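Note sheet for the following structure.
What follows is calculated from the coordinates using simple rules that are stated; it is not laboratory data. A quick note: this is a predicted structure, and the numbers were derived from the prediction, not measured. Glycine gets a Cβ as well: all are built from the backbone with ideal geometry, and neighbour counts include every protein chain shown.
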Amino acid sequence: MPYVQTRQYNADDGDKLRQFVSLDRLVLQSRTLRELIRFNLSVAKLTNQILFLADSLLIGVHMVSYRTVAAMIAHSSPLGLHRDQEEYVAVILSELSHNISGGENILANGPRDLVEKVNLTEEFEAILLSKKGMHQVVPMSSSNGRPAFRNVILITLSPFPQ
Ligand SMILES: [Fe+2]
C-alpha cells in the first residue's frame, strides 16, 4: 500500500511514496483489530471530539516491525522529535524481543522541553499522541547481537477529507 507523509511532518521521508505491505486479510477480519479500533474510537470521542465533526473519519492501521541484528541500528521515520500528521495516534505494543535495546518513546512539549521517556513493555500497552506535543522513538539495537525486534500497531484517526 502506498503511504505518503508531507515534508512538513516528516523531514526525513516526507513527500516520498513509501510502500507498506497490505495487512493480511485474517488480520483485517480479526476480532482483535476490530476491538482495538472500536476502543480507540471510544477514547477519541473523549479526547478528540473535534474529529467527529468531520464528514468522515480516516482510520489508519499500520503494523510496524523494527528489526535489528549484530551492530545494526533500527530507527523510526522521522528520526528526531516531531509531530505526526494525524490528529490521534495510538502506539500499541504488540511484541517485543527480550534483547532489544532502545525503542522508548520520548515525549516533549517542544524541541528543548522534553517531558518524559516512556517504555512500552507489555503486550497491548499503549501511548496516545496528538499534535499538541512532540515525540520521538529512541533508535534500537540488539543487546546481544542476535536478531531483535519491536512490533507496534499504530492506529490513527484523521478528519476526512483533510
Ligand atoms: Fe511519529
- Task: Enumerate the pairs (first residue in the range 138-162 and at positive phi; second residue anywhere and small (G, A, S) and part of a loop (DSSP other than H, G, I, E, B)) with beta-carbon separation below 9 Å, excluding pairs fewer than 6 apart on the same chain, so at least 6 apart or on different chains.
- Result: G145/A70; G145/A71
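Here is a check on your reading of the model: is Q162 more than 16 Å from the ligand (Cβ to nearest atom) and of a type outside the set (D, E)? Walk me through it before giving the result.
Details: more than 16 Å from the ligand (Cβ to nearest atom): yes; of a type outside the set (D, E): yes.
The answer is yes for Q162.
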- Item | Conditions (1) within 16 Å of the ligand (Cβ to nearest atom); (2) assigned to a loop (DSSP other than H, G, I, E, B); (3) more than 30 Å from G145 (Cβ to Cβ): number failed by V61 | (2)
- Can you give me the number of residues within the range 77-86 that are more than 8 Å from the ligand (Cβ to nearest atom) and either of a type in the set (V, I, T) or surrounded by fewer than 19 Cβ atoms within 10 Å (Cβ to Cβ) (or both)? 5
- Give just the number: which of (1) of a type in the set (K, R); (2) within 15 Å of the ligand (Cβ to nearest atom); (3) farther than 23 Å from F20 by Cβ; (4) not in a loop (DSSP other than H, G, I, E, B) does K45 not satisfy? (2)
- In the range 87-134, anything within 15 Å of the ligand (Cβ to nearest atom), of a type in the set (G, A, S) and in a strand (DSSP E or B) is listed as A90, A108, A126, S130
- Within the range 135-159, restricting attention to residues that are among the hydroxyl-bearing types (S, T, Y) and surrounded by 15 or more Cβ atoms within 10 Å (Cβ to Cβ), which residue is nearest to the ligand (Cβ to nearest atom)? T156
- Among the residues of the range 64-74, the number that are surrounded by fewer than 18 Cβ atoms within 10 Å (Cβ to Cβ) and within 15 Å of the ligand (Cβ to nearest atom) is 1
